[in-house]
Amino acid sequence: MCVPQPQIRRNRCFKDSVAIFAGKGHAVWRQPLKVTFIGEAGMDSGGVTREWFSTLSSAISRGSPELFYTAGPQRNQLYVTPTSSSPAHLKKFAFVGLFMAKAIVESAARGKELGPITLNLPLCEPFWKLLLGNPLSLVDLQQLDPTEFRSLMSILSMDIDGLIFENFVWAFQHPSASSAAAAAGNMFASAGG
């Protein structure tokens, strides 16, 4: 099979990369890349591909509100946007998972040529739990929405003796986030092997 040589527009890195790679199967992700940024001189002997990883991860972090929203106490971490459950969104999540796997594979296979590959994807702990299939808890809400967490904790600490309803139940599950994370995790796992 020939080495993929994607031509990417830097200012549309995410959109171009999804268009080139999404739905192409896992075999294309297992091959070495030789990336070219359209309109920029440069032969890729590793540096341009490493720049693609950096540029694309930054584009995902700041330019994908349909996939991720900022969470955490300082609003500097990413979590799955609750409304991102359409087939187009799931396709993009699968792409992000394969992209992350590709960074690991390229680092392992071409580390001397490429140097370290760092992805600027500050995914929050609850997202990693979803990828690993671990259940989320009320404490995870603290990272996603500290205000809602404090409100729920306040409700839980209220004295409700004598009230008719004495059970307070809260379940934190986002079906589309779980399925999107699982799809990305499955793609991530299969891309490496």
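The values are calculated or read from the model by the stated rules, or taken from the named source; none is laboratory data. In this text, all values refer to a predicted model and were calculated from it rather than measured experimentally. All Cβ positions, glycine included, derive from the backbone under ideal geometry; neighbour counts span all protein chains shown. In case anyone asks, the SASA skips ligands and DNA or RNA and just uses the protein heavy atoms, side chains included. Shrake-Rupley method; radii C 1.70, N 1.55, O 1.52, S 1.80 Å.
About the Cα centre of region 1-131, how large is the charge dipole given +1 on each Lys and Arg Cβ and -1 on each Asp and Glu Cβ? Please answer in debye to the nearest 20.
Values: 16 positive and 8 negative charges, 30 e Å.
It comes to approximately 140 debye.
Element breakdown for region 65-106 at a 1.4 angstrom probe: carbon and sulfur atoms account for 64% of the accessible area. Spacing of the modelled spin labels on Val139 and Lys91, each 7 Å from Cα toward Cβ, amounts to 4.0 nm.
The dipole here belongs to region 58-148: it is taken about the Cα centre, uses +1 on the Cβ of Lys and Arg and -1 on the Cβ of Asp and Glu, and is about 360 debye.
For region 1-136, what D do you get in µm² per second when you plug the Kirkwood radius from alpha-carbon pairs into Stokes-Einstein at 4 °C and 1.567 mPa s? Before the final figure, lay out each step's value.
Numbers: Rh = 15.7 Å.
In µm²/s, the coefficient rounds to 82.
Could you provide, to the nearest whole Å², the per residue accessible area of region 1-138 with probe 1.4 Å?
On the way: 7000 Å² over 138 residues.
In whole numbers, region 1-138 has 51 Å² accessible per residue.
Bridging of Lys24 to aspartates and glutamates at a Cα separation below 14 Å is possible for Asp16, once same-chain residues fewer than 8 apart are set aside. Using the alpha carbons alone, the radius of gyration of region 117-158 stands to its Kirkwood radius in an Rg to Rh ratio of 1.13. In this structure, the amide hydrogen of Gln77, modeled 1.01 Å from its nitrogen in the peptide plane, lies closer than 5 angstrom to those of Ala71, counting only residues at least 5 positions away or on a different chain. Computed from the C-beta positions of Ala19 and Ser157 and an R0 of 45 Å, the FRET efficiency is 0.30 to the nearest 0.05.
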